[in-house]
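Please read the structure below before turning to the comments.
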Amino acid sequence: MLDYNKSFIEVQFPVSRISKESYKERKAGASQTLTGLGKWWGRKPLVMVRAALLGTLMPVSDDYSKDRKIFLKIMTMDEEGLWLRKHKNISKKKLWQLTTEEEREKYFREGSTAKKPKYPKGMSRENKKSMKEELQRIAFDRLSYDDKLSYCRRPEEVELTSESEWGIINDHLETNASSLQELIQELGKKRFGHIPKVGDCFSGGGSIPFEAARMGAEAYGSDLNPIAALLTWASVNIAGATNEKIDELKEFQQKVYEKVDEQIKEWGIEHNEKGHRADAYLYCNEVVCPECGQHVPLLPSLKIDKKNRVGVNLIKNGNKYNFKIINNYSKKEFNSINNDATIENYKLVCPNCNMKTPIPAIRGDNDDGVKRDYRYNIPNDLRKWNKTDFVNREDDIYNERIYAIRYLDDKGNRYYREPFEKDINNEKKVNNLLNEKISKWQEKGIIPNQKIKKGWNTNQLTYERGWSYWHHIFNSRQLLISGLISMNIRKLSKNKKELAFGIISLNKIIHFNSKLSQWLSGSRNVKHTFYNQALNTFFNYGTRGLKKLENIWFFDINNDLIQTNINVDLEDARNIKVNNDIWITDPPYADAVNYHELSEFFLAWDKPLLEETFPEWYTDSKRVLAVKGTGKSFNESMIEIYENLADNMPDNGYQVVMFTHQDVKVWSELTMILWSAGLKVASAWNISTETGSSGIKQGNYVKGTVLLVLQKQTSNDFAFQDEVYDEIQIEVRNMIDSMKGIDYKDIPDFTDADYLLASYAAALKVLTGYGEIDGIDIDYWLSGDRNEESPVEKLIKKARDVANSYLIPEEFEKNHWFELSNAERFFIRGLELEMNNEHTIGAYQELAKGFGVKEYKTMFHNFEANNVRLKTPSEYKMSYLENEFNEKDFSGSLLRHLLVAILESAKNDSTNSGRTYLKGVFNQSQDYWYKKPLMREILTFISKIEMVDHMEHWHEEAKYSKLLREALKNEGV
């Protein structure tokens, strides 16, 4: 019996598989469907959006296990779906490893070995093809889910067309669909009476409305920011266009490029005296050493090309230095050339006098010691550039020089050289050309003419370089090329779609060609401007010639035809008047990313083009209206927005709010915001999307995304806090029992972090189910920053404690488990995560919060994103007499001593050594015999690791854990 009053995502969600699929999509980089359209910060994976929408529309039955199987089948995440997605063959050597002795005799030629497996001879082509397919399936089915993904396309790249598979789906859901789009529309009609309408008021890069439309829903996307609205529009009208339309856009691209190329060749600014064309230019800043007066180029690295061992050498010439490019350094010389770098730890290292001077001292920073809200609000002696400037003046603190150029010879081979006379003349010609054109181009909006507004990110540009207009962060060559492109987009475009396509293409050019573009000697390439979420200035940077911009301009458009209605608005979320059945949003909650400021980098170029393309849109970043930060005004804005969304959805509608914070305080504030907005929590799930890439934040931050599922709050019931706490305890236990009941033991879907998150959701579900709770004054707690814990925060923490108490490994008696310290329980449950193949930082951080363990990193052998694991006994370097832990509850604990005993047993190949150690420690306090049952339980738990394939590093010591347990058990018998 299907229940359309409750959706699948309220009851369960296969977080493990969706996390793995989200991570796979993230790692696809530029080949992701929407990433190619342009830069936006924090785009959510399309597979996560797909899962959230399907989970919201799909009803539940009285068979939760069957519901899960159907959900995975629709998402092509079950066995048949993965086989459908498989597009790479498993190698013969891997096939040999995955087959039995009997199967090897059948599928491989006699005499085959693991190193040289060979298929049988004498088979017809058809039979051989059939045999290979059969063997691939046998081996594929034996791989883990993670390993299978390495051979698979993403779910969005395949279409489920199997009649038998759709028969199973339709039979369970009482539908008559043969495609995902038909299914979504049928489910929407059953639930809402019409094709489902899905909206997002913080559309950003367009992931949510795009995926909703692609799935068959009617979609709505809006954003306050014009760049976000442009990308959302492009996701539908370009990534969702027909192949014929894409071909037309590519023709337009080609025309613009050819015109620009023709002009550059005519000017002769990219060719040397041999007729070779440059594809990359390297520039550096230069300052005067305050100690000796020498002009010093600022080079943090003298390496230019690591693969070919190319570097730059500084040759003194009076009070300046000349550059000499050295090709083919010896390995020894190349490894040491950075010893002569002129920047170290943000200090000038003068090669003339060997004195080190902090860069802030050279800039003349005037830090008067007054504490300020903004880091870059300190005055200094840098000249502030004016509107007519596009190069440094000779008397500026910073000057700029070109120090290397990479050319392509007639055969396409690349080579580097320092600037020759012809190159210097080319630079002068570029400056002269720009000088002739800059005023007219700025007047026409071909290149930027706007001032850089003050802000947290934008202040950095003025403070560190003196730049005050947006065109200052591009050098003459970059301005000239981007200006030519901008001009020809206007001249050659014939319609709105070509103009819009031209804007996003121009944005890609400036993203990869500004003074904020690093030169990477490892990849020998010019990196994009926003490698993180900031505007970073560099002492040296790379510039792309037009030839090197070719692959940026002619980017791949991963189009997928969208056939349903989608509307895109440039609108403040508080003013939206569009009704949607489901709102899926990713709000800028407590976020350090200043989207409004960063987007002005693009808006400076886009303003006139946007005005022509979308005359109904405004073209500024609306900083004043942007929802940002924390505190009273932020909270009030969020309540207003989500109250408006609740008013614009039916009583049986849903909201899914995505956010990336797992701090209890953030949870409590968000709870009160949504509660005040008239919403109640139905469930919450954590999807891990973490990658090892760098960001604005340093250190190990949670990179998972929480999906908070909400419905309208219709209750006016009143409750007391003690009653609420009793309900929370029951709800937490029920939720954990439910999750355990539907978990797959072969591929566990829920980790401890998920169970703890479920406890948060249980608390929120109970809290927001009431109209009012005694002693919780929401207005008071949201009216400003409060140092004390709110009642909501306290209740969420209590829910977490309930979960921690309820989640006990099966090897432990309940009373024994609570004899362990929090740090010991953290380590054991951490090992349980590792056994379940969980290696994400967020999972261990959440676990540490749950146990209140703060200093835990010394317990880990590795603490990098997606590669987290705890130390083994031998990895503690046998320093068991030393307190090597900051966590005081662990250093002298029973578990710590047991790890030493395991190590002693393994080292001496004798359990007597381990027992002797334990007796020496615990007989002093007469605890040895009392603690033996708990010792055996811990050792039983650790011994299980011997059977965990992916934890080979523990196998030897897990074996001795089992032997030590038996020795303790038999002792005294």
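The values are calculated or read from the model by the stated rules, or taken from the named source; none is laboratory data. All figures in this text were calculated on a predicted structure; none of them were measured in a lab. Note that we place each Cβ from the backbone using ideal geometry, even for glycine, and neighbour counts take in every protein chain shown.
Please work out which one of (1) under 14 Å from the mean Cα position of the chain (by Cα); (2) assigned to a helix (DSSP H, G or I); (3) buried (at least 19 other Cβ atoms within 10 Å of the Cβ) is the condition residue 16 fails and give its number.
Of (1) under 14 Å from the mean Cα position of the chain (by Cα); (2) assigned to a helix (DSSP H, G or I); (3) buried (at least 19 other Cβ atoms within 10 Å of the Cβ), only one is false for residue 16: (1).
Please work out if residue 838 is surrounded by 21 or more Cβ atoms within 10 Å (Cβ to Cβ), outside the structural domain of residue 712 (by TED's automatic domain parsing), at pLDDT below 90 and closer than 30 Å to residue 897 by Cβ.
Here the answer is yes, as residue 838 does meet what is asked.
Which of the residues belonging to the range 179-215 are closer than 30 Å to residue 507 by Cα and either free of Cβ contacts under 8 Å to residues at least 24 places away in the same chain or not in a helix (DSSP H, G or I) (or both)? Lay out the reasoning, then the answer.
Taking the range 179-215 first, the residues closer than 30 Å to residue 507 by Cα are 198-215.
Of everything in the range 179-215, those that are closer than 30 Å to residue 507 by Cα and either free of Cβ contacts under 8 Å to residues at least 24 places away in the same chain or not in a helix (DSSP H, G or I) (or both) turn out to be 198, 199, 200, 201, 202, 203, 204, 205, 206, 215.
Identify the single condition in (1) in contact with a Lys or Arg (Cβ under 7 Å, 6 or more places away or on another chain); (2) part of a helix (DSSP H, G or I); (3) buried (at least 21 other Cβ atoms within 10 Å of the Cβ) that residue 56 does not satisfy, given that it satisfies every other one.
(1) is the only condition that residue 56 fails.
Considering only residues that are modelled with pLDDT of 85 or more and either crowded, with 19+ Cβ neighbours inside 10 Å or farther than 16 Å from residue 56 by Cβ (or both), which ones fall in the range 686-712?
Result: 707, 708, 709, 710, 711.
Based on this model, can you work out whether residue 136 counts as closer than 27 Å to residue 70 by Cα, in contact (Cβ under 8 Å) with a residue 60 or more places away in the chain, part of a helix (DSSP H, G or I) and not aromatic (Phe, Trp, Tyr)?
Answer is no for this residue.
Exactly one of these conditions fails for residue 340: (1) exposed (fewer than 15 other Cβ atoms within 10 Å of the Cβ); (2) charged (D, E, K, R); (3) in contact (Cβ under 8 Å) with a residue 60 or more places away in the chain. Give me its number.
With (1) exposed (fewer than 15 other Cβ atoms within 10 Å of the Cβ); (2) charged (D, E, K, R); (3) in contact (Cβ under 8 Å) with a residue 60 or more places away in the chain applied to residue 340, the lone miss is (3).
Select from the range 519-546 the residues that are out of contact with any Ser or Thr (no Cβ under 9 Å at 6 or more places or on another chain) and not aromatic (Phe, Trp, Tyr) and list them in ascending order.
520, 522, 523, 524, 525, 533, 534, 537, 545, 546, listed by residue number.
So how many residues does the range 59-79 have that are in contact with a Lys or Arg (Cβ under 8 Å, 6 or more places away or on another chain) and over 13 Å from residue 17 (Cβ atoms)?
Matching residues across the range 59-79 total 2.
What are the residues in the range 399-445 that are part of a helix (DSSP H, G or I) and aliphatic (A, V, I, L, M), if any? Even if it seems obvious, please write down each step before you answer.
Pass one, the range 399-445, residues part of a helix (DSSP H, G or I): 421-444.
If the condition is that a residue be part of a helix (DSSP H, G or I) and aliphatic (A, V, I, L, M), then 424, 430, 433, 434, 438 are the ones that fit.
One line per residue, one yes/no per condition, for (1) of a type outside the set (Gly, Ala, Ser); (2) more than 17 Å from residue 354 (Cβ to Cβ); (3) in the same structural domain as residue 517 (by TED's automatic domain parsing); (4) within 39 Å of the chain's Cα centre (by Cα):
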| position | (1), (2), (3), (4) |
| --- | --- |
| 297 | yes, no, yes, yes |
| 302 | yes, no, yes, yes |
| 305 | yes, yes, yes, yes |
| 309 | yes, yes, yes, yes |
| 312 | yes, yes, yes, yes |
| 317 | yes, yes, yes, no |
| 330 | no, yes, yes, yes |
| 333 | yes, yes, yes, yes |
| 340 | yes, no, yes, yes |
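Rundown of residues vs (1) surrounded by fewer than 24 Cβ atoms within 10 Å (Cβ to Cβ); (2) over 21 Å from residue 561 (Cβ atoms), yes/no style:
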{"site": "166", "(1), (2)": "yes, no"}
{"site": "170", "(1), (2)": "yes, yes"}
{"site": "190", "(1), (2)": "yes, yes"}
{"site": "194", "(1), (2)": "yes, yes"}
{"site": "201", "(1), (2)": "no, yes"}
{"site": "209", "(1), (2)": "no, no"}
{"site": "213", "(1), (2)": "no, no"}
{"site": "235", "(1), (2)": "no, no"}
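How many of the residues in the range 59-92 are in a loop (DSSP other than H, G, I, E, B), surrounded by fewer than 16 Cβ atoms within 10 Å (Cβ to Cβ) and of a type in the set (Gly, Ala, Ser)?
1
In this structure, does residue 157 turn out to be at pLDDT 95 or above and within 30 Å of residue 211 (Cα to Cα)?
Criteria not met by residue 157.
I want to confirm something. Restricting to the range 578-593 and keeping residues that are modelled with pLDDT of 95 or more and assigned to a loop (DSSP other than H, G, I, E, B), which single residue is surrounded by the most Cβ atoms within 10 Å (Cβ to Cβ)?
Out of the qualifying residues, it is 580.
Give me the pairs: first residue in the range 405-423 and assigned by TED's automatic domain parsing to the domain that holds residue 275, second residue assigned to a helix (DSSP H, G or I) and acidic (Asp, Glu), beta-carbon distance under 7 Å, and six or more apart or on different chains, which are they?
These pairs meet every condition: 405/423.
Just the residues that are closer than 14 Å to residue 951 by Cα and either of a type in the set (Val, Ile, Thr) or assigned to a helix (DSSP H, G or I) (or both), please, taken from the range 854-864.
none
Looking at (1) of a type in the set (Phe, Trp, Tyr); (2) under 17 Å from residue 233 (Cα atoms); (3) not in a loop (DSSP other than H, G, I, E, B), find the lone condition where residue 166 falls short.
So the condition that residue 166 fails would be (2).
Which residue, of 229, 234, is assigned to a helix (DSSP H, G or I), under 17 Å from residue 585 (Cα atoms) and in contact (Cβ under 8 Å) with a residue 12 or more places away in the chain? Outline the logic, then answer.
Numbers: 234 fails: under 17 Å from residue 585 (Cα atoms).
Criteria check complete, one pass: 229.
Starting from residues that are among the polar types (S, T, N, Q) and farther than 11 Å from residue 143 by Cβ, keep the ones in the range 76-101 and report whichever is farthest from the chain's Cα centre (by Cα). Give the steps one after another, and end with the answer.
Restricting attention to the range 76-101, the residues satisfying the condition of being among the polar types (S, T, N, Q) are 76, 89, 91, 97, 99-100.
Keeping just the survivors that are farther than 11 Å from residue 143 by Cβ gives 76, 89, 91, 99-100.
Working: 76: 23, 89: 29, 91: 31, 99: 37, 100: 40 Å.
Only one residue fits best here, namely 100.
Every residue in the range 621-638 that is in contact (Cβ under 8 Å) with a residue 40 or more places away in the chain and over 27 Å from the mean Cα position of the chain (by Cα), please.
Passing the criteria: 632, 636.
With the checklist (1) under 27 Å from the mean Cα position of the chain (by Cα); (2) surrounded by 18 or more Cβ atoms within 10 Å (Cβ to Cβ) in hand, flag the one item residue 518 doesn't pass.
Unmet for residue 518, out of (1) under 27 Å from the mean Cα position of the chain (by Cα); (2) surrounded by 18 or more Cβ atoms within 10 Å (Cβ to Cβ): (2).
The conditions are (1) closer than 22 Å to residue 199 by Cα; (2) not charged (D, E, K, R); (3) not in a loop (DSSP other than H, G, I, E, B), and residue 42 fails exactly one of them. Which is it?
Only one criterion is unmet by residue 42, namely (3).
Name the pairs whose Cβ atoms lie under 7 Å apart, with the first residue in the range 484-501 and outside any helix (DSSP H, G or I), the second of a type in the set (A, V, I, L, M, F, W, C), and 6 or more positions between them or separate chains?
These pairs meet every condition: 493/252; 493/499.
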